[in-house]
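Data block below; observations after.
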There are 2 protein chains.
Amino acid sequence: MNDIYALLEENNLSRTPCRVEILKTLSRADSALSESEIRDQLAYSYDRTTVYRTLRSFLSQNVIHSISLEGGEVRYAMTPGKDKPHNSHHVHFYCNNCNGVFCISHKPFETPVLPKGFQPENFDLLVHGKCKNCTT
Amino acid sequence: MNDIYALLEENNLSRTPCRVEILKTLSRADSALSESEIRDQLAYSYDRTTVYRTLRSFLSQNVIHSISLEGGEVRYAMTPGKDKPHNSHHVHFYCNNCNGVFCISHKPFETPVLPKGFQPENFDLLVHGKCKNCTT
DNA sequence: GGTATATTTGCAACTTTGTTGCAAATGTAA
DNA sequence: TTACATTTGCAACAAAGTTGCAAATATACC
């Protein structure tokens with residue numbers, strides 16, 4: 001709980017109930033949540049717009065990050081180790097079975113050689129498969 | 001043009017003007033297009049629903065594939081080498097400058113070790129940076 | 001604690017996208 | 001050319017993205 005207050009303070013975000021609630025929800029979530037899942041899991045119901053805007057401001061401060069799935073679905077999760085030096089390699093895992101999305105911590109991974117003229121800056125890898133809960 | 005007819009035939013899709021148009025549009029596109037970009041570039045205007053459904057059927061036949069960007073934007077592009085053996089590694093490049101999305105052909109790339117219990121099936125890598133047209 | 005100021009919320013409104021049902025139009029095969 | 005299977009356009013509605021504005025709330029200062 002203090003972590004959440006600290007996180008808000010670090011990012012110059014005032015401590016409002018909606019913000020605290022959303023961070024609590026995302027913190028306790030096992031996997032990344034969609035906007036509507038977040039809304040459904042809030043203890044108190046906030047306006048759609050408020051949740052939308054709160055997510056925007058968390059995103060812009062890098063308090064949370066979004067993961068875009070096939071077909072355009074978007075999920076949100078706490079940004080792990082926000083304070084650590086910027087990491088340009090991100091790995092997420094999508095479970096074909098339970099539809100869960102997990103942030104995978106990892107060392108920078110090998111990246112493919114790109115055609116002449118392409119200058120890479122960062123890498124988002126989405127791995128599809130079966131997650132730890134679904135591989136019996 | 002004959003390629004397009006052949007592609008439709010191979011996939012048991014009847015040769016309708018809308019389908020031919022959409023494939024022509026995607027074929028001549030340098031980068032992946034959004035649904036509305038496709039609609040705008042068609043020589044004749046088809047109903048939104050028709051374009052939507054046409055894209056669905058192309059997707060399900062793997063004639064085209066979709067790329068999901070940050071924030072949930074979706075782009076579509078021809079599936080290169082649809083007939084080649086299934087490739088579980090996909091690489092796309094998003095240009096931060098011109099917003100173009102490019103399919104990158106490549107050899108299978110090294111993938112990071114996943115935590116215990118996660119069973120990978122395929123890998124989608126989205127590289128952000130500057131594309132060949134924008135690196136002066 | 002009380003107040004002034006800067007933020008955040010809720011609500012209305014509107015755009016775009018995703019999606020379905022249905023009847024009319026079109027493609028395909030015989 | 002007919003007969004049947006598909007595809008299209010249109011109406012309709014849900015969900016998501018987005019903005020403006022006034023009311024409610026948080027934060028800083030006395």
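Laboratory data are not the source of any read-out in this text; all were calculated from the coordinates shown. Owing to the predicted nature of the structure, the values given are computational and were not obtained by experimental measurement. Note that we place each Cβ from the backbone using ideal geometry, even for glycine, and neighbour counts take in every protein chain shown.
Quick one: order B:Met1, A:Met78 by neighbouring beta-carbon count within 10 Å, fewest to most.
B:Met1, A:Met78
Calculate the dipole size of chain A relative to its Cα centre from +1 charges on Lys and Arg beta carbons and -1 charges on Asp and Glu beta carbons; express the result in debye to the nearest 20. Walk me through the numbers on the way to the answer.
Working: 15 positive and 15 negative charges, 12 e Å.
Charge dipole, chain A, about its Cα centre: 60 debye, nearest 20.
In deg cm²/dmol, rounded to 500, what helix-only [θ] at 222 nm does chain A give when every DSSP H run of at least 4 residues adds -39500 (n - 2.57) and the total is split over its residues?
Numbers: 4 runs with 41 residues, N = 136.
Mean residue ellipticity at 222 nm (helix-derived): -9000 deg cm²/dmol.
Given charges of +1 on the Cβ of Lys and Arg and -1 on the Cβ of Asp and Glu, with all other atoms neutral, how large is the dipole of the protein assembly as shown about its Cα centre, in debye to the nearest 20? Please report the intermediate quantities before stating the final value.
Details: 30 positive and 30 negative charges, 16 e Å.
Charge dipole of the protein assembly as shown: 80 debye, to the nearest 20.
Per the Cauchy relation, a quarter of the hull surface: what is the mean projected area of the convex hull of the alpha carbons in chain B, in nm²?
Values: hull surface 41.3 nm².
Over all viewing directions, chain B projects a mean Cα-hull area of 10.3 nm².
Among A:Ser68, A:Ser36, which comes first, then next, by fewest other beta-carbon atoms within 10 Å? Write out the running numbers ahead of the final one.
Values: A:Ser68 21, A:Ser36 10.
Lowest count first: A:Ser36, A:Ser68.
Between B:Gly117 and the same site in the other copies, what are the distances in nm, shortest first, taking label points 7 Å from Cα along the C-beta direction?
4.7
In the neighborhood of A:Gly100, defined by Cβ-to-Cβ distances under 14 Å, what is the net charge if each Lys or Arg adds +1 and each Asp or Glu adds -1? Walk me through the intermediate numbers first.
Values: positive: A:Arg75, A:Lys130, A:Lys132; negative: A:Asp30, A:Glu37, A:Glu73.
So the environment of A:Gly100 carries a net charge of 0.
May I ask you to report, in nm to one decimal and beginning with the shortest, the distances from A:Thr135 to the same position in the other copies, taking label points 7 Å along Cα-to-Cβ?
3.5
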